[in-house]
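Data block below; observations after.
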Amino acid sequence: MKQGHCTIRYLALKTTPIMRNPDIVKWLLAFVFSVSGAHSAAQNYTARSPSEAQTVEFASENCTGYWTPDYQCQALKVKGLLFQPQGSWSSLVVASHGAQGVDQRLFEYADALTQNGIATLVIDHWTPRGINMRSMTYSQATARGGTTSSIATDIVWAAAHARATYPQIRKIGLIGESMGAMAAVQLSKQRMVDLFATKLAPQPFELPLTAMVGLYPACAERVKGERFVDIPFLILSGEKDDHTLAKDCLDYEVWVNERGGRLKTILVPGAHHDFDAPHALEYRPRGQNVSKCLNIVDDKTITIVATGKVLPNTLAGQIQLPRECSSWGLRSGHGANKFVAVPTWLAFFKAHLGH
């Protein structure tokens, strides 16, 4: 248990007799979130209009088969929208979307950040790859390069482009939601740094990020022998998320920090998946649910923990994984206050990036 880590402390208390009372559990969750700085007076944000932004285009790659013998890449042009605060600025946050693509919430992130002097670059990862997750499965997207590692690749190239184009930038952060948050998970891994170091050799490579925030990611991958980078990383998971489980992310914090990382996971009381989405909470029967996709990866295999099914660690195995472990139906959407998590992640960025 870490000193001052309220969420881990809550899980430890849950085993005591008093914690078998669900009303007390709910009260303590609310208290935990309030002391983390997130349960302050509600503040609304307005989605910034794309017409207010500057279009940014940068060179990236579309890759498949990451960390397998099938790994290959093609050059790709990716676009983003840069929202700048009033006055001078020196900090930038890259904002990456989830499976649905760019939507209103990313422009609300831009509003919250630019109000606090931090520029925001909203990236569209899917359009250049021809991906539409409203009509595709995760397996179909994987075959086209629509993966969290591809999103992570875009982020690295976007940050490099931003530094070269805007010399006033001193620090860069990342905020990702769902699959975008899982890209942050990928970027926290030493093997992603090593991959880029190999690509760019003999030029030196250093991960161009100072701090990362992941909103409701699936913390479902454990790679044997992996190490993590020492960069502040905050995950916010919905207590009631039935798609990307909060428990997996709480467990993942321990996994990461024992292997060199600096991750803090906080539960959002009563929240479900997409707790800051444009739509209110609803049941989506055709939502592809990955709650049973926790897997263990080594050089040659991918093992699904829930079933023991073993797949080859190849592009074909990566494509097959969601078919084997996912189901259909999940709850998604915001509750009474869709900005409930903003004060927490905004304070995190202000502490690590300044403005």
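The values are calculated or read from the model by the stated rules, or taken from the named source; none is laboratory data. If you're wondering where the values come from, they're calculated on a predicted model, not measured in any experiment. A quick note on method: Cβ atoms are made from the backbone with ideal geometry, for glycine too, and the neighbour counts reach across all protein chains shown.
Checked against (1) part of a strand (DSSP E or B); (2) under 30 Å from His161 (Cβ atoms), Gln288 passes all but a single condition, namely (2). For segment 170-187, a residue qualifies if it is over 24 Å from Ala277 (Cβ atoms) and crowded, with 22+ Cβ neighbours inside 10 Å, and exactly one does: Ile172.
Figure legend. Inter-residue proximity from segment 76-99: first residues on the phi > 0 side of the Ramachandran plot, second residues surrounded by fewer than 24 Cβ atoms within 10 Å (Cβ to Cβ), beta-carbon distance below 8 Å, spacing 6+ or different chains. Indicated pairs: Gly87/Gly117. The condition of being buried (at least 19 other Cβ atoms within 10 Å of the Cβ) and within 24 Å of Tyr45 (Cβ to Cβ) does not hold for Leu321. Checked against the criterion of being part of a loop (DSSP other than H, G, I, E, B) and within 23 Å of Leu76 (Cα to Cα), the candidates Ala99, Ala159 yield just one match: Ala99. The criterion of at least 3 residues that are more than 17 Å from Leu346 (Cα to Cα) and in contact (Cβ under 8 Å) with a residue 60 or more places away in the chain is met by the following strands (runs of 3 or more DSSP E) wholly inside segment 184-245: 221-223.
One residue alone among Leu353, Leu250 is within 23 Å of Gly225 (Cα to Cα) and either buried (at least 17 other Cβ atoms within 10 Å of the Cβ) or out of contact with any His (no Cβ under 9 Å at 6 or more places or on another chain) (or both), and that residue is Leu250. In segment 281-305, the residues that are at positive phi and not assigned by TED's automatic domain parsing to the domain that holds Cys219 never reach a residue that is of a type in the set (A, V, I, L, M, F, W, C) and buried (at least 16 other Cβ atoms within 10 Å of the Cβ) with C-beta atoms less than 9 angstrom apart, at least six apart or across chains. As a summary of the residue check, Gly146 satisfies the conditions (1) within 20 Å of Gln186 (Cα to Cα); (2) buried (at least 23 other Cβ atoms within 10 Å of the Cβ); (3) in contact with a Leu (Cβ under 9 Å, 6 or more places away or on another chain) except for the one numbered (3).
Looking across segment 246-268, the residues that are in contact with a helix residue (DSSP H, G or I) (Cβ under 6 Å, 6 or more places away or on another chain) and closer than 14 Å to Thr344 by Cβ come down to Thr265, Ile266, Leu267. Just one of the listed residues (Gln54, Gln3) is out of contact with any Gly (no Cβ under 8 Å at 6 or more places or on another chain) and at pLDDT 50 or above, namely Gln54.
Checking each residue in segment 267-284 for being touching a Ser or Thr at 6+ places or on another chain (Cβ under 7 Å), in a loop (DSSP other than H, G, I, E, B) and within 16 Å of Asp248 (Cβ to Cβ) picks out only His272. Restricting attention to segment 196-218, does a residue exist that is farther than 16 Å from Arg262 by Cα, charged (D, E, K, R) and modelled with pLDDT of 95 or more? So far as segment 196-218 goes, no, none of its residues is farther than 16 Å from Arg262 by Cα, charged (D, E, K, R) and modelled with pLDDT of 95 or more. Remark: pairs (first residue in segment 328-343, under 14 Å from Thr46 (Cα atoms); second residue of a type outside the set (Asp, Glu) and surrounded by fewer than 18 Cβ atoms within 10 Å (Cβ to Cβ); Cβ separation under 8 Å; 6+ apart in sequence or on different chains) = Asn337/Ala42; Phe339/Ala42; Phe339/Gln43; Phe339/Asn44; Val342/Gln43. For segment 305-355, a residue qualifies if it is over 18 Å from the mean Cα position of the chain (by Cα), in a strand (DSSP E or B) and within 23 Å of Phe275 (Cβ to Cβ), and the qualifying residues are Ser327, Trp328, Gly329, Leu330, Arg331.
Looking at Trp328, Trp345 in this structure, which one is at negative phi, aromatic (Phe, Trp, Tyr) and surrounded by 18 or more Cβ atoms within 10 Å (Cβ to Cβ)? One residue alone meets the criteria, Trp345.
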